[in-house]
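The values are calculated or read from the model by the stated rules, or taken from the named source; none is laboratory data. Treat the numbers as computed from the prediction; the structure is a model and nothing was measured. Backbone-built Cβ (ideal geometry, glycine too); neighbour counts: all protein chains shown. Only protein heavy atoms, including side chains, enter the accessible area calculation; ligands, DNA and RNA are left aside. Shrake-Rupley method; radii C 1.70, N 1.55, O 1.52, S 1.80 Å.
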Amino acid sequence: MSAVYLDNNASTRVDPAVMDAMLPWFTGNWGNASSKHGFGMDAAGAIQKARRQVKKLVGAEMDAEILFTSGGTESDNMAILSALDNRPDRDEVVTTEVEHPAVLAMLDHLARTRGLVVKRVGVDAQGRIDLRAYRNALGPKTALACAMWANNETGNVYPVRVLAEMAHAEGALFFTDAVQASGRIDLDVASCGVDFLSISSHKFHGPKGAGALYVKQGLRTHPCLYGGRQERGRRAGTENVPAIVGMGKAAELAASRTYQDGQILTAMRQRLSDGLRIAIKDCQELGDPDNRLPNTLCMGFDEIEGDDLVTMLGREGVHVSSGSACSSGSVEPSHVLRAMKVPFGLIRGAMRFSLSRESTNSDIDTALEIVPKVVAKLRSSRSHLHVA
Ligand code: PLP
């Protein structure tokens, strides 16, 4: 049975070209990028090349604005701490209800330990940020405003340029978590007025354990790790050269094909959505139909336990995520769908189908064949239980 993998917002397969780029840095050159001999200098050069590749993907102006980290979580944490360091006389942060836990948990921690005032702005039934409430939440005490570029569960894309302008009008900095957006839609930090931006390599066919933080030139960074002077003293610890090289290659590939992939993915996603809605009664597409990542489809199925559906689909070779597990393997009902006030029955039965450039029309055909059958089976076993 060949696997149909439709869980690319959780992680993507490493592209073979990325793997090829990484391999020599394990056994051919294992040097430490801080060493002053040839091995070290070559490794340092490879990191610089990766920095330029990532810079291009996010639309930064200078190499030095890109800082390598261990992934999206570290970049998110560091962005928040750094922004607060740059506005030491302010103690408020404006964010949204639908951010990833890597942002929300860090803000909660700072609220508990430092007395930071965190204002979480709500969303409407389609998961769109209430822009008026966002603007009203900003004020002279706001150090940082943040909003993700795209949501991991619904795929909703947020108006980063507008939000950054609102933040700057109050003298606050603006940070966006672009972990799901990178490689899927164009990012242009410079023209959007973003001050900090986080990305993670494993979401765009690079290796896990590599991420980057964009820090606009002139802004201070707050180190999360203390030790050596790597990354210009901004992140201590020996660089993971193979992973950074892989991230660079993955960024280069993604930057060269974002538009073309987006067109194909939008068509495949639409076919999947249409087919499911025709074949299954009482199901609903969740999220903003007009501003969404091309690869993401979030569907709520009534009278279904999402985790059961995931397990049964997995047995049939179709791999997806349930609404409760879209963020960090949590068993709690999705905080994103709750913020959208999706009825509880649909939240419980919410599924996320996330495609990648490796998804095929045959994957969609298989999903359209299997998902309705499994949903029907689960619903009928449920109604038997009720009868009993
Ligand atoms: N931010 C968003 C929006 C994500 O979807 C994820 C991971 O799913 C993260 C941050 C965390 O990234 P990482 O897995 O690289 O730590």
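Which members of the range 252-278 meet the condition of being among the hydrophobic types (A, V, I, L, M, F, W, C) and out of contact with any strand residue (DSSP E or B) (no Cβ under 8 Å at 6 or more places or on another chain)?
Scanning the range 252-278 gives Leu253, Ala255, Ile264, Leu265, Ala267, Met268, Ile278.
Sort out which residues of the range 230-265 are without any contact (Cβ under 8 Å) to a residue 24 or more places away in the chain and either more than 24 Å from Thr296 (Cα to Cα) or of a type in the set (A, V, I, L, M) (or both), and write them in order of number.
Gly233, Ala236, Gly237
Go through the range 112-151 and give me each residue that's open to solvent by less than 50 Å² (accessible area, probe 1.4 Å), farther than 15 Å from Ala83 by Cβ and small (Gly, Ala, Ser).
Scanning the range 112-151 gives Gly115, Gly122, Gly127, Ala133, Ala137, Gly139, Ala150.
Which residues, taken from the range 152-183, are of a type outside the set (Phe, Trp, Tyr), open to solvent by less than 10 Å² (accessible area, probe 1.4 Å) and more than 12 Å from the ligand (Cβ to nearest atom)?
Answer for the range 152-183, where residues must be of a type outside the set (Phe, Trp, Tyr), open to solvent by less than 10 Å² (accessible area, probe 1.4 Å) and more than 12 Å from the ligand (Cβ to nearest atom): Val160, Leu163, Ala164, Ala167, Ala172, Leu173.
How many residues, within the range 340-383, are part of a loop (DSSP other than H, G, I, E, B), without any contact (Cβ under 8 Å) to a residue 60 or more places away in the chain and closer than 17 Å to Met268 by Cβ?
Final tally of qualifying residues: 1.
Please go through the range 97-122 and pick out each residue that is assigned to a helix (DSSP H, G or I) and within 16 Å of the ligand (Cβ to nearest atom).
Within the range 97-122, Pro101, Ala102, Val103, Leu104, Ala105, Met106, Leu107, Asp108, His109 qualify.
Taking helices (runs of 4 or more DSSP H) that fall entirely within the range 223-339, which contain at least 2 residues that are at pLDDT 95 or above and either under 25 Å from Asn156 (Cα atoms) or not assigned by TED's automatic domain parsing to the domain that holds Arg52 (or both)?
241-279, 306-315, 335-339
Conditions (1) in contact with a helix residue (DSSP H, G or I) (Cβ under 8 Å, 6 or more places away or on another chain); (2) touching a residue at least 40 places away in the same chain (Cβ under 8 Å), marked per residue:
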{"residue": "Gly40", "(1), (2)": "no, no"}
{"residue": "Asp63", "(1), (2)": "yes, no"}
{"residue": "Ser82", "(1), (2)": "no, yes"}
{"residue": "Val98", "(1), (2)": "yes, yes"}
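Name the residue that is nearest to Tyr259 (Cα to Cα), counting only residues in the range 270-290 that are touching a residue at least 40 places away in the same chain (Cβ under 8 Å) and open to solvent by 80 Å² or more (accessible area, probe 1.4 Å).
Restricting to residues being touching a residue at least 40 places away in the same chain (Cβ under 8 Å) and open to solvent by 80 Å² or more (accessible area, probe 1.4 Å), the top hit is Arg271.
Name, by its number, the condition in (1) within 24 Å of Met62 (Cβ to Cβ); (2) touching a Gly at 6+ places or on another chain (Cβ under 8 Å) that does not hold for Gly227.
Every listed condition holds for Gly227 apart from (1).
If Asp76 satisfies every condition in (1) open to solvent by 20 Å² or more (accessible area, probe 1.4 Å); (2) in a helix (DSSP H, G or I); (3) acidic (Asp, Glu) but one, which is the exception?
All conditions pass for Asp76, except number (1).
Can you tell me how many residues within the range 104-146 are closer than 21 Å to Gly323 by Cβ and among the hydrophobic types (A, V, I, L, M, F, W, C)?
Number satisfying all stated conditions: 5.
Answer yes if at least one residue in the range 188-209 is basic (Lys, Arg), within 16 Å of the ligand (Cβ to nearest atom) and within 21 Å of Val58 (Cα to Cα), and no otherwise.
Yes, the conditions are met somewhere in the range 188-209.
If you scan the range 82-105, which residues turn out to be surrounded by 19 or more Cβ atoms within 10 Å (Cβ to Cβ) and over 15 Å from Phe174 (Cα atoms)?
Of everything in the range 82-105, those that are surrounded by 19 or more Cβ atoms within 10 Å (Cβ to Cβ) and over 15 Å from Phe174 (Cα atoms) turn out to be Val98, His100, Ala102, Leu104.
State all residues of the range 60-96 that are over 25 Å from Ala133 (Cα atoms) and within 13 Å of the ligand (Cβ to nearest atom); if no residue qualifies, say none.
Selection gives Phe68, Thr69, Ser70, Gly71, Gly72, Thr73, Glu74, Ser75, Met78.
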